[in-house]
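The structure appears below as structure tokens.
The values are calculated or read from the model by the stated rules, or taken from the named source; none is laboratory data. Given the structure is predicted, the values throughout are model-derived calculations rather than measurements. Cβ: placed from backbone, ideal geometry, glycine included. Neighbour counts: every protein chain shown. The area values use the complete protein model at the heavy-atom level, side chains included, leaving out ligands, DNA and RNA. Shrake-Rupley method; radii C 1.70, N 1.55, O 1.52, S 1.80 Å.
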Amino acid sequence: MATVSQTLACAASGADVSAGRSAADPHKHTTSPIVTGTSVVALKYKDGVMMAADTLGSYGSLSRFTDLRRIVTTGGYTLVGADGDYSDFQYVQDILKELEVEDACVADGITHSPKEIWCCMARILYHRRSKMNPLWNNLVIAGFHEGEAFLGTTDKIGTSYECDFVATGMGLHMAMPILRRHWKPNMSESEARELLESCMRTLFYRDCRTINKITFASATKKGPSVDEPVEVSTEWSYQSFVDPKAGSDTGGSW
Amino acid sequence: MNRNQYDTDVSTWSPQGKLHQVEYAMESKKLFKVDDHIGIGVAGLTADARSLATYMRTECLNHRFQFNSPIITGRLVSDLADKHQARTQASWKRPYGVGLLVGGFDRDGPHLYQTCPSGNLYEYKAMAIGSRAQSAKTYMEKHLASIESADLETLVIHALKALEGPANDKDVSMENASVSVLGKGQPFQILEGDDLKPFLDQMGR
């Protein structure tokens, strides 16, 4: 149907049909992501907030890019992590840079707080979904400002909330239960790191769009920082890993 | 409140050809709320002041919509001063005929700014504007040390006393003065009429 109406539209406007596109064609919005990143997981702890995401850029099911950074710092206090379409996240980074430049031009020493950036991102994502052209990302915004840790998230239609721990994408299914069971207020840095590694390990085992090359980041009173990627330890000698029953009676799972 | 038999209605002319209610309206209302954390006092063309107040309110609301936080006063007045300045070099416009005192309370504490029709922008600890502001400035310069450490009540009394100079022979009273306050845990509020009574009583007026 689309082909017929497009051809008719081209004929009516006298445009070159062989070019394949004319101004009279319906405008094509993003209806699915192209290069994607998977889960972002973050939690509050004693000194601030900690966040983790792997470095894989998937092209469909193909592991296309293996060193994409999906957690960035912005302003003086904030971390922004993203899953979903990587090019849309690059656009989000352009907007964050614009905010930084505005602050730098005023030069009053003030930069936006994590909470302000979280609200601003939710507004932008909601605005884009209202134009029926969403930015295909879940964003996790974390920061440490005026002695207080902040952690919030927003999805691609601008629904946003604050929480003590968040996970996006497959992490919602597989990291959230771990976080709900083991997270507690005022965890030490090593406890928080251990919990986050446990989440990332489980996701690496069970999410088919991950690699074991993971960036950990934190925002504390010292400011936000993103570490170089590391591997988490794995254990493949479990019986069900060694002797999977794939295809026998479980429909391909173990 | 009535001062004569012709001032009860907005459309009743006095034998001198005056609309008293309209003139009362013109001589009052020099303090405007912009947001919970910003207020302005104006001297000059009231119409220009109201248009600028509308602009400032819109900017505050836009900032609250986009960032869910109060706008930084310094950034707002900087844009405001630019607006003044643009009017000084456009051939088809006239400069704004109004000066503003802008008070704001931000995350780094209280601020007091003055804008001028020229586009100049200053920040002060205490300031007075208007044609008879000099005696108020003199009063505040003399009492600056006490003003800086004053609690709210003392500060209001200082403001009223500073107003007595420009008021000339008239005493400040519930009828001719209004004071606005804002600060930490204190959203912008205008004190006028009976609100001022305790302060005036304490001044012995």
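The table that follows gives values for the structure above.
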| quantity | calculated |
| --- | --- |
| So B:Gly99, is it of a type in the set (Gly, Ala, Ser), outside any helix (DSSP H, G or I), surrounded by 14 or more Cβ atoms within 10 Å (Cβ to Cβ) and at positive phi | no |
| Per-region count, the stretch A:121-134, residues out of contact with any strand residue (DSSP E or B) (no Cβ under 6 Å at 6 or more places or on another chain), without any contact (Cβ under 8 Å) to a residue 60 or more places away in the chain and surrounded by 20 or more Cβ atoms within 10 Å (Cβ to Cβ) | 1 |
| A:Asp88 within 11 Å of the chain's Cα centre (by Cα), away from chain B (no Cβ under 14 Å) and more than 23 Å from A:Arg201 (Cβ to Cβ) | yes |
| Top-ranked residue in the stretch A:98-127 [being assigned to a helix (DSSP H, G or I) and touching a Lys or Arg at 6+ places or on another chain (Cβ under 8 Å); ranked as farthest from the other protein chains (Cβ to nearest Cβ)] | A:Leu125 |
| In the stretch A:19-45, residue farthest from A:Trp136 (Cα to Cα) [restricted to those that are open to solvent by 60 Å² or more (accessible area, probe 1.4 Å) and free of Cβ contacts under 8 Å to residues at least 40 places away in the same chain] | A:Ala19 |
| Filter result for B:Tyr55 (of a type outside the set (S, T, N, Q) and at pLDDT below 95) | no |
| Residue satisfying condition, being out of contact with any strand residue (DSSP E or B) (no Cβ under 6 Å at 6 or more places or on another chain), crowded, with 16+ Cβ neighbours inside 10 Å and under 24 Å from A:Ser218 (Cβ atoms), within set A:Gly75, A:Gly48 | A:Gly75 |
| Selection from the stretch B:82-120 of residues that are within 14 Å of B:Ile40 (Cα to Cα) and without any contact (Cβ under 8 Å) to a residue 60 or more places away in the chain | B:Val98, B:Gly99, B:His111, B:Leu112, B:Tyr113, B:Gln114, B:Thr115, B:Cys116 |
| Strands (runs of 3 or more DSSP E) within the stretch A:19-71 that include 1 or more residues under 30 Å from A:Ala149 (Cβ atoms) and more than 14 Å from the chain's Cα centre (by Cα) | A:40-45, A:48-54 |
| Filter result (part of a helix (DSSP H, G or I) and either modelled with pLDDT of 95 or more or of a type in the set (Ser, Thr, Tyr) (or both)) within the stretch B:16-35 | B:Tyr24 |
| Count of the stretch B:109-122 residues which are closer than 24 Å to B:Gln89 by Cβ and surrounded by fewer than 17 Cβ atoms within 10 Å (Cβ to Cβ) | 3 |
| Looking only at the stretch B:36-84, and only at residues there that are in a loop (DSSP other than H, G, I, E, B), within 14 Å of another protein chain (Cβ to nearest Cβ) and in contact with a strand residue (DSSP E or B) (Cβ under 8 Å, 6 or more places away or on another chain), the one that is most open to solvent (accessible area, probe 1.4 Å) | B:Pro70 |
| Residue list for the stretch A:137-151, restricted to those being closer than 9 Å to A:Thr78 by Cβ and within 14 Å of chain B (Cβ to nearest Cβ) | A:Ile141, A:Gly143, A:His145, A:Phe150 |
| Output for the stretch B:125-145, where each listed residue is farther than 19 Å from B:Leu31 by Cβ and open to solvent by 100 Å² or more (accessible area, probe 1.4 Å) | B:Lys125, B:Gln134, B:Glu141, B:Lys142 |
| In the stretch A:227-244, the residues that are of a type in the set (A, V, I, L, M, F, W, C) and either part of a loop (DSSP other than H, G, I, E, B) or open to solvent by less than 80 Å² (accessible area, probe 1.4 Å) (or both) | A:Val230, A:Val232, A:Trp236, A:Phe241 |
| Residue within the stretch A:163-172 that is surrounded by fewer than 21 Cβ atoms within 10 Å (Cβ to Cβ) and among the aromatic types (Phe, Trp, Tyr) present | no |
| Selection within the stretch B:128-167 - outside any helix (DSSP H, G or I) and of a type in the set (Ser, Thr, Tyr) | B:Ser131, B:Ser149 |
